[in-house]
Structure formats: C-alpha cells, structure tokens
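Report on the structure given below.
The values are calculated or read from the model by the stated rules, or taken from the named source; none is laboratory data. Fair warning: this is a prediction, and the values are worked out from it, not measured in the lab. Cβ atoms come from the backbone with ideal geometry, glycine included; neighbour counts cover every protein chain shown. With ligands, DNA and RNA removed, areas are computed over all heavy atoms of the protein, side chains included. Shrake-Rupley method; radii C 1.70, N 1.55, O 1.52, S 1.80 Å.
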Amino acid sequence: MSSSVNSIKKMCVVGAGQMGIGIGLVAARVAKLEVQFVDSNPVQLEKGLSFLDKLLVKDVAKGKCTEDERAEVRSRITSVSAISQISSADFVVEAVSENVELKRKIFAELSESLPENTILATNTSSISITKIASAAKKPENVIGMHFMNPVPVMKLVEIIPGLQTSQATLDTTLDLARKMGKTTAMSQDVPGFIANRLLMPYINEAIIALQEGIATKEDIDTTMKLGTNNPMGPLALADFIGLDTCLAIMKVLHNDLGDSKYRPAVLLQKYVDAGWLGVKSGKGIYEYPAKN
Ligand code: NAD
C-alpha cells in the first residue's frame, strides 16, 4: 500500500536543475513540505539553490510573503550530493536530464535506498513511465508527474500512470499535486504524453523553418507571438526549455512512434553538439549575456 497525502511530510527532489528547483520550491512554500535536493553536480546544486534564494527574496520584495515566511520556507530545505545520503523521504520527484538510462539507474538506486512504500515520481517530458518503473523494485509505486516550466508560475501538472501504477499511487499523487496548488490533467503513457506530443513538433518545425531560411528567428517568433497570441515565440521557448531537452524529446517521439514527421531538425542537433543549450548555457538560438 502507498501512503496517503496526509502522511507525506518530506519530498526528495533528485536533480536540482531548473525544473527540480522549481518543484522543490513549490513543495516547500505551497505544500509546506520538508524538501531535500539531491544533485551529483556540486556546481549545479549551488547554482540551483542560489536561484531558489533569489526567487524567495523576490517574493518578499513583491509582498507575496514576509521575511519570516521566507526564512521558514528556507529552513525546510536541505540538500545532499547522492541518493545514498538521503536521510528519509515520503515522496520522491526525479528531475534529472531527459535520458532513459540515467533515469532507470536512478530509480533502481532509489528503490535500493528508500523504504519500499515510497512513491517515486518522474518529471520526464516524454519517456515511457512503464520503462522507467520497471527499473524500480515496486513499479506500482512509480508514476509520471510532469510539471511545466517555470514551476512556480505554471498551473498544470500532467499525471501519467504507467502500466503497473497502483490506484493508491495515482490518488496520492493527484492529491499532492493539488496540495502544491496545481491543476492536473491525466494522460496515457505514450511518447510525449499530451503536452509534448503537441508542443515539441511545433517547436521543431519552427527550427526547421529557421534552418530553411524561411524567415529570421525574430520574424518566426514575432509571427507566432502576435499572430497566434502566444506569450513566447517557439524559438525563444525552445531556448527557455533547453535545446538538449527539446532534442531528447524529439528523439523519443521519433524512435518510439516511428514516424518520420517527428525527425529532429538538423539545426537543433547541431546547436546541441556545439554546447548551445539555450538560456541555461548563455547561448542557444538567441544569446543570453550573464546578468551581474
Ligand atoms: P537541467 O539540465 O536544468 O537539470 C538536470 C539536473 O540533473 C542537473 O542539475 C544535473 O546536475 C542533475 N543530474 C544529472 N545526473 C544526475 C544524477 N545522476 N544524480 C543527481 N542529479 C543529476 O534539466 P531540466 O530542464 O531541469 O529538466 C529535468 C527533467 O525535467 C528532464 O526530464 C526534462 O525533460 C523535464 N522537464 C523539463 C522541462 C523544461 O522546460 N526544461 C519541463 C518539464 C519537464
């Protein structure tokens, strides 16, 4: 049996990148959970925590919370550098890079280290939940919990049960998403689920349009922003998501659905090969000079 949402006091977030930090922040601030981050890269962990601190300070400046509340939220947050150092966890959200072998390795390790009833959720954007779950000792406790970027702002969480996910795991995860102030939508466990089955081919097509010289990057983005009333153009959005993540998602759609319409843009592959990953690396389709 999995635990009910009331018994969830502590969440572990594996991967303190842009998504992990947002998920942990909302869990600590809105759901008032204890949060422990795990990241194997100390530089990334420090960068992530300093970003989290900046977000909390901004909230105080904007009057969204008091200084005492900020300090209280921060006191619930800790971090470690390996899964073996997790002290305890009632619920885990994995948010490491979009790589199936890495995620399977992490789920095997989590099953070894944590009590067998712990719910293990993955924030994967596209990878089969069933495949990730089969690396865990108890696949019935594994589920997809797909937050949107930036997590503190975006209301939606896609919930994706795998083939073996239990009803109890599903119920607790839905309750937890609501406790974090989110609205849920359920998807079947298919490549890309709902959001990225629709969004990523659109972004990929925008990169193909750029590659073919149909228009400048600015004109492609302006057309889709002002012409279809989107807050961001597809190329700026690709940089914001991370070009490595976009490429990984397109590869999952292409390989797992087997349809050539999902082939990743050659230009997308080239930028990732160059290390141009978007906002997080300072350069992608656009350039992002470091702010002081
Ligand atoms: P990111 O590159 O910002 O962060 C990934 C983090 O994982 C890094 O901090 C890295 O150090 C850490 N990591 C790598 N290997 C690790 C290990 N073995 N143990 C612990 N930590 C490890 O990536 P992101 O954008 O935060 O994406 C993370 C996940 O969330 C991916 O599965 C992605 O598909 C998904 N996602 C991303 C977005 C988005 O817009 N970027 C939206 C929804 C879901």
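Can you spot a residue in segment 211-232 that is in a helix (DSSP H, G or I) and within 16 Å of the ligand (Cβ to nearest atom)? Break it down stepwise before answering.
Here is the first cut: in segment 211-232, the residues in a helix (DSSP H, G or I) are 211, 217-228.
Checking which are within 16 Å of the ligand (Cβ to nearest atom) leaves us with none.
Scanning segment 211-232, I find no residue that is in a helix (DSSP H, G or I) and within 16 Å of the ligand (Cβ to nearest atom), so the answer is no.
Under 8 Å between Cβ atoms, which residue pairs at least 6 apart in sequence (or on different chains) link something in segment 235-252 that is at pLDDT below 95 with a partner that is near the ligand (Cβ under 7 Å from one of its atoms) and part of a helix (DSSP H, G or I)?
Qualifying pairs under 8 Å: none.
Under the condition of being within 11 Å of the ligand (Cβ to nearest atom), surrounded by 20 or more Cβ atoms within 10 Å (Cβ to Cβ) and under 23 Å from Glu46 (Cβ atoms), which residue from segment 87-109 is farthest from the chain's Cα centre (by Cα)?
Looking at the filtered set, the residue picked out is Ile106.
Please identify the pairs in which a residue from segment 186-201 that is in contact (Cβ under 8 Å) with a residue 40 or more places away in the chain and under 14 Å from Met250 (Cβ atoms) has its Cβ atom under 6 Å from the Cβ atom of a residue that is among the polar types (S, T, N, Q) and assigned to a loop (DSSP other than H, G, I, E, B), counting only partners at least 6 apart or on another chain.
Pairs that qualify, where the first residue is in contact (Cβ under 8 Å) with a residue 40 or more places away in the chain and under 14 Å from Met250 (Cβ atoms) and the partner is among the polar types (S, T, N, Q) and assigned to a loop (DSSP other than H, G, I, E, B), are Pro191/Ser126; Gly192/Ser126; Asn196/Ser125; Asn196/Ser126.
Output the residue which, of all residues in segment 110-121 that are open to solvent by 40 Å² or more (accessible area, probe 1.4 Å) and outside any loop (DSSP other than H, G, I, E, B), is farthest from the ligand (Cβ to nearest atom).
Start the filter on segment 110-121 by keeping residues that are open to solvent by 40 Å² or more (accessible area, probe 1.4 Å), which leaves 112-113, 115-117.
In the following step, the residues that additionally are outside any loop (DSSP other than H, G, I, E, B) were identified as 112-113.
Details: Glu112: 14, Ser113: 12 Å.
That would be Glu112.
All but one of (1) part of a helix (DSSP H, G or I); (2) open to solvent by 80 Å² or more (accessible area, probe 1.4 Å) hold for Ala236; state the number of the condition that does not hold.
Unmet for Ala236, out of (1) part of a helix (DSSP H, G or I); (2) open to solvent by 80 Å² or more (accessible area, probe 1.4 Å): (2).
Find the residue count for segment 122-152, including only residues that are more than 18 Å from Met186 (Cα to Cα), of a type outside the set (Lys, Arg), away from the ligand (no atom under 15 Å from the Cβ) and out of contact with any Gly (no Cβ under 8 Å at 6 or more places or on another chain).
2
Quick check on Phe240: is it in contact with a Ser or Thr (Cβ under 7 Å, 6 or more places away or on another chain), within 12 Å of the ligand (Cβ to nearest atom) and among the aromatic types (Phe, Trp, Tyr)? If you could, list the steps in order and put the result at the bottom.
On the way: in contact with a Ser or Thr (Cβ under 7 Å, 6 or more places away or on another chain): no; within 12 Å of the ligand (Cβ to nearest atom): yes; among the aromatic types (Phe, Trp, Tyr): yes.
Considered against the rule, which asks whether it is in contact with a Ser or Thr (Cβ under 7 Å, 6 or more places away or on another chain), within 12 Å of the ligand (Cβ to nearest atom) and among the aromatic types (Phe, Trp, Tyr), Phe240 comes out as no.
When you scan segment 59-76, do you find a residue that is within 16 Å of the ligand (Cβ to nearest atom), open to solvent by 20 Å² or more (accessible area, probe 1.4 Å) and part of a helix (DSSP H, G or I), even just one? It would help to see each step written out before you state the result.
Just the residues of segment 59-76 that are within 16 Å of the ligand (Cβ to nearest atom), to begin with: none.
No; the residues of segment 59-76 include none that is within 16 Å of the ligand (Cβ to nearest atom), open to solvent by 20 Å² or more (accessible area, probe 1.4 Å) and part of a helix (DSSP H, G or I).
Which one is most open to solvent (accessible area, probe 1.4 Å), of the residues in segment 1-57 that are of a type in the set (Ser, Thr, Tyr) and not in a helix (DSSP H, G or I)? Break it down into steps so the answer makes sense when it comes.
The initial filter retains those residues of segment 1-57 that are of a type in the set (Ser, Thr, Tyr), namely 2-4, 7, 40, 50.
From what is left, the residues that are not in a helix (DSSP H, G or I) are 2-4, 40.
Working: Ser2: 12, Ser3: 33, Ser4: 62, Ser40: 104 Å².
Looking at the filtered set, the residue picked out is Ser40.
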